[in-house]
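Let me begin by presenting the structure, written as C-alpha cells, before commenting on it.
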Amino acid sequence: MSKVPYTDDVLPSDADILPLPDVAERLGIVVTRVHDLLREGSLLAIRRGGIVYVPAQLLSDEGIGKHVPGLISVLRDGGYTDAEILSYLYTEDDSLPGRPVDALHGHLAREVMRRAQAMAF
C-alpha cells in the first residue's frame with residue numbers, strides 16, 4: 001500500500017488541524033479509510049512537525065464538507081497542486097468576504113466553487 005499523501009505545510013500557524021486518528025474518530029471510520037480518502041482526493045493533508053494533519057475546516061458536523069471533494073477535483077484538474085489549493089483556501093478574499101475555506105460552510109459555497117472552476121480553466 002502506498003504512503004499517505006500530504007503536501008507542504010502552507011497553512012497559517014493558527015489553522016485548526018487534526019491528526020489522522022482524530023479525523024477518523026470524528027468521521028466515525030477507521031484511520032486506514034482516512035488514508036483512502038486522502039489518496040482519492042476527497043481530503044487534503046499537510047505534514048507539520050513530522051505528523052500528518054488534515055485541516056479541520058475541510059470537515060463539517062456531518063463528515064467531509066459537502067463541496068470539498070469537488071473543489072479539490074476541479075482545482076487538481078486545472079493543474080493546481082495540493083499546496084496551491086490549500087493556499088487558495090486559506091488566503092483572505094475581500095470579495096467573499098473572508099477566506100474561501102470559511103465560505104465553504106455557508107451560503108457562499110457555490111460562489112467558491114464557481115471561482116474555482118474559473119481559476120482552473
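Derivation of every value follows stated rules applied to the coordinates shown; laboratory data play no part. Being a predicted model, the structure only gives us computed values, none of them experimental. Glycine also receives a Cβ, built like all others from the backbone with ideal geometry; neighbour counts cover every protein chain displayed.
Placing +1 on the Cβ of each Lys and Arg and -1 on the Cβ of each Asp and Glu in the range 17-120, which of Val101, Val54, Leu37 has its Cα farthest towards the positive end of the resulting dipole? About the Cα centre, the residue reaching furthest to the positive side is Leu37. Geometric descriptor of the chain, per residue, is 98 Å³ (volume of the convex hull of the Cα atoms). The length gained by stretching the chain between Ala83 and His105 to full extension, at 0.36 nm per residue less their Cα-Cα distance, is 5.8 nm.
Give the longest segment of the chain that steers clear of GluC sites (Glu not before Pro) in DSSP loops with at most 11 neighbouring Cβ atoms within 10 Å, not counting the sites themselves. Mind dumping the intermediate values first?
Details: sites that count: Glu62, Glu92.
Maximal segment without exposed cleavage sites: 1-61.
For the chain, with only Lys/Arg (+1) and Asp/Glu (-1) charged at the beta-carbon, what is the dipole magnitude about the Cα centre, in debye rounded to 20? Display every interim value, and only then the final one.
Numbers: 12 positive and 18 negative charges, 77 e Å.
It works out to roughly 360 debye.
Restriction of the trypsin sites (Lys or Arg not before Pro) in the range 14-121 to DSSP coil positions whose beta-carbon has at most 14 other beta-carbons within 10 angstrom yields Lys66. Of all DSSP beta bridges confined to the chain, the antiparallel ones make up roughly 90%.
Could you list Thr7, Thr81 in order of exposure, starting from the residue whose Cβ has the fewest other Cβ atoms within 10 Å? If you can, show how the numbers build up before the last one.
Values: Thr7 17, Thr81 13.
By the 10 Å Cβ count, ascending: Thr81, Thr7.
With the helix formula -39500 (n - 2.57) applied to DSSP H stretches of n ≥ 4, the chain reaches a computed 222 nm mean residue ellipticity of -12000 deg cm²/dmol. For the pair Met119 and Arg26, what calculated FRET efficiency results from E = 1/(1 + (r/R0)^6), where r is the Cβ-Cβ distance and R0 = 22 Å, to the nearest 0.05? My answer for the efficiency is 0.15. Segment Thr91..Ser60, full-extension length gain: 9.2 nm, with 0.36 nm per residue of separation and the alpha-carbon distance subtracted.
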